[in-house]
1. Starting from 0.36 nm per residue, how many nanometres of slack lie between A:A691 and A:K336 once their C-alpha separation is accounted for?
2. What are the semi-axes of the equivalent ellipsoid of region A:145-295, taken as the square roots of 5 times the eigenvalues of the Cα gyration tensor, listed largest first and rounded to whole Å?
3. With charges set only on the Cβ (+1 for Lys and Arg, -1 for Asp and Glu), what does the dipole of the protein assembly as shown come to about its Cα centre, in debye to the nearest 20?
4. How many times 2.2 N^0.38 Å is the alpha carbon radius of gyration of region A:252-330?
5. Expressed as cubic angstrom per residue, what is the convex hull volume of the alpha carbon set of region A:631-695?
6. Using the Karplus equation 6.51 cos²θ - 1.76 cosθ + 1.60 (θ = phi - 60°), what ³J(HN,Hα) coupling, rounded to whole Hz, does each residue of region A:242-249 give in order, writing x for Gly and Pro?
7. Just order A:151-158, A:63-70, B:39-46 by mean Cβ neighbour count inside 10 Å, highest at the front, would you?
8. Please arrange A:K92, A:K249, A:K54 by how many other C-beta atoms lie within 10 Å of their C-beta, fewest to most.
Amino acid sequence: MTLPNDIVITPQLVADHGLKPDEYDKIVALIGRTPTYTELGIFSAMWNEHCSYKSSKKWLKTLPTTGPRVIQGPGENAGVVDIGDGQAVVFKMESHNHPSFIEPYQGAGTGMGGILRDVFTMGARPVAAMNALRFGAPGHEKTRHLVSGVVAGIGGYGNAFGVPTVGGEVEFDERYNGNILVNAFAAGLADTDKIFYSKAEGVGLPVVYLGAKTGRDGVGGATMASAEFGDDIDEKRPTVQVGDPFTEKRLLEACLELMATGAVIAIQDMGAAGLTCSAVEMGAKGDLGIELDLDKVPVRETHMTAYEMMLSESQERMLMVLHPEKEAEARAVFEKWELDFATVGKTTDDLRFRVLWQGDEVANLPIKDLGDEAPEYDRPWTEPQRPAALAATDIPQMEVADALLKLMGSHQIASRRWVYEQYDTLILGNSLQRPGGDAGVIRVEGHDTKALAFTSDVTPRYCEADPYEGGKQAVAEAWRNLTATGAEPLAATDNLNFGNPERPEIMGQLVGAVKGIGEACRVLEFPIVSGNVSLYNETNGRGILPTPTIGGVGLLPDWNKMARIGFAAENQVILLVGSPAARGTHLGQSIYLRDLFGRRDGTAPTVDLAHEKRTGDFVRKLIRSGTATACHDLSDGGLAVGLAEMAIASGIGANIVDLTDQSPILQYFGEDQGRYLLTVNLDPQGDEIAALWAEAKSLGIHAPWIGTTGGTDLVLGAARPVAVRDLAAAHEGWFPSYMNG
Amino acid sequence: MKSAVIVFPGLNRDRDMIAALTKISGTAPQVVWHQDADLPDVDLVVIPGGFSYGDYLRCGAIAARSPIMDKLRERAAQGVKVLGVCNGFQILIEAGLLPGALMRNKSLKFVCREVKLEVVNAATDFTRGYKEGQIIRCPVAHHDGNYFADADTIARLEGNGQVAFRYAEGTNPNGSINDIAGIFNEQKNVLGLMPHPENLIESAHGGSDGRALFSGLLGQAA
């Protein structure tokens, strides 16, 4: 077979497509001839790291992905989890790191657009969003510009689309100076019997193109996102897509309306690698061939080549296989919403992916092999070097009150209000907990008491020190944040951000983190149902901190029994549930060391998963029974920061009684895992609290009474009292002052 | 009282508004698509918030030129009550049903937070559920809520009791002139406001200060 081809395939052209010589040889062997230019583009789109997971697949397969509530695990546009009453939550997290660094507003906005589309492609109406953002050092020349652009881009897209942002993370570290991370999460609600999938069924059925027109934006985007950055980064701007949330909103409404007519057999959004990836996926999953006629594709620019059309990443587009008898009805829906609707091809029985353009066949490839035969690597990896533990006597000293005030006003701990007030956090009218607490919570529309909790977590400095423990900690922290609202953690999505996997030490980080994530998910019964891998987050040979972000989803049967972080009232007993006997012991890799002493040493804290599970289950029970009046898990900055956050959220102070035989620094700033602060409205000498302690003891959980709420100061034992007002001022002050600076 | 909600492509607080009207009056409003030929026979027409036509031109400018707006102008002239919230307020201004302009927020940023509002004129069908001078909580979520009008218009609005709500206690989120958050037309049957009372009507919202606006209008107990 020969296909017309004007462009000579040279080794340089192959390399420019991100394909290695042996990968190209495999292509030639597979199709028995030299590929056309369009075919080379198609292979590069399907076989890049972003689409093929070629470096990570071997390890992703080890993650637990099933459970009694899991309806759909990884492999579709998003994971689907049963929440009872015939309803399901559909969710996923995905990165848009490379484009957001090159062009922050459009990069972050289209990241939102992509993840929202993944959710409504499955028939779910998006109800909540989160964003996990990581930027370079605050003092780096690009950081302010990137923060400002990314936040505006997310807001510009999400606000116009109309989904509440209920949570997220913002973190700064010099290791992200050359590669920021923008991980976008979206969740939607659907009926369990009305979930839509990408698998095509039936021969000779119309393949229909819907949504926005195809332009030249984003050509080669997925390939760009599968390479590290060098000094030529500004030349990559044309590979960034341009977002149109107005079209996305209409596409949402039109798709849901169309799905309700029963016309849709299969649906796939056009995300990375656009028309190529969506068409191949629908065909390959259904054991069918696909024939596309590019002359029928709606375009917004003239003289587009087949290559450009196949690789365009223009946004807000969908591909569907429709029941032919419903085509007219389907067309009417899209015309109502003033969106393009064009039959651009058909399903075939020959398992070929054929592309016609201006009367020529410009591609004719084995459709299954495009996905199934993609390279899969068992890349060499080395066991990470773990830092030495801190010596027991190595406790740098600072007055506890001074340290706390400094941390509350630091870039790591300060309030993210400047960010989240640019996001619509209450649209749809169901937001029960907005950003600033342990997890975002929305009620489930149409149900009297049910609610969903969302959180996004990872501690990259722990992952750098110990990828395995860091991976465990990311999952445990997400599970803990959901539990702290009273929610039952259901399932998670993972967004694995790493450097260049061709370097064995980076691959070692990925392997260690995935092993840790898998272990924690198994013990905590918290399966991974969707996810995304972003590698090559590296500039001129320097990688980011390993950042496996975990997005967690939990279910509250009754939101009237939900916990918040603010102290509920004065004179309530404060318990530190899950505490070691010495309350706090672990200073290695802590925020106290890093941000007050510039030290990044020591081991990462470890997570005892069995203890974590018992403690969380106990805490959740206390919340649901109404015993707990407020709850907050401890993380960055340890006990002191946790108490300060509870005080700031309520305006109520607290008096804490020290342990006299343990260093105040370790007690207040140690980052031991698996701990929750809980307040209860019980007599500390009474029978009820004695019963609570007896139950805790029987479970092997230490839950000491450490103090009492009340007053306008936070008094940490012998330390100087700090006015809650001053803590709040420090906490609120950093972000606006940094952005104005 | 019967109500209708007009939906333009790109509006996205229609669901919030429909839920509020339904919960407070017990009856769902009729939903009117912007291409529908006519408005149903109702006592209240609401244009909810969002980003009609993406706000790619001036906010509200394209929707204001939609044929359904001619029908709305006719009904308003006949005394039918019209409420525009956020993008709905912008559309009513662009349609000439209310005076002035809504400019980009002074911060140049989108802002979503809770503010305090003073009820400036409680002697209207819209605001009779409140007391004059009452301070209520209400969320805002907008990018272009910075109300402006020339000095003569402002004097007329202030003099005629056409200022409905003012941002109070230093919470003006957008730099609007005289802290104006919402205004009436001269006849007081058209109200436009930037804040979202529909997002503060029940305990799940953390308060119900927005409820009286609808219950006053719909003739239901607050």
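Derivation of every value follows stated rules applied to the coordinates shown; laboratory data play no part. Treat the numbers as computed from the prediction; the structure is a model and nothing was measured. With ideal geometry, Cβ positions are generated from the backbone for all residues, glycine too; neighbour counts draw on all protein chains shown.
1. Stretched fully, the A:A691-A:K336 segment lengthens by 121.5 nm.
2. 32, 22, 15
3. The calculation lands at about 1420 debye.
4. Numbers: Rg = 13.2 Å, N = 79, 2.2 N^0.38 = 11.6 Å.
Output field value: 1.14.
5. 116 Å³
6. Residue by residue, region A:242-249 yields 10, x, 9, x, 5, 5, 4, 4 Hz.
7. In decreasing order of mean packing, A:151-158, A:63-70, B:39-46 become A:151-158, B:39-46, A:63-70.
8. Starting with the residue having the fewest Cβ neighbours, the order is A:K54, A:K249, A:K92.
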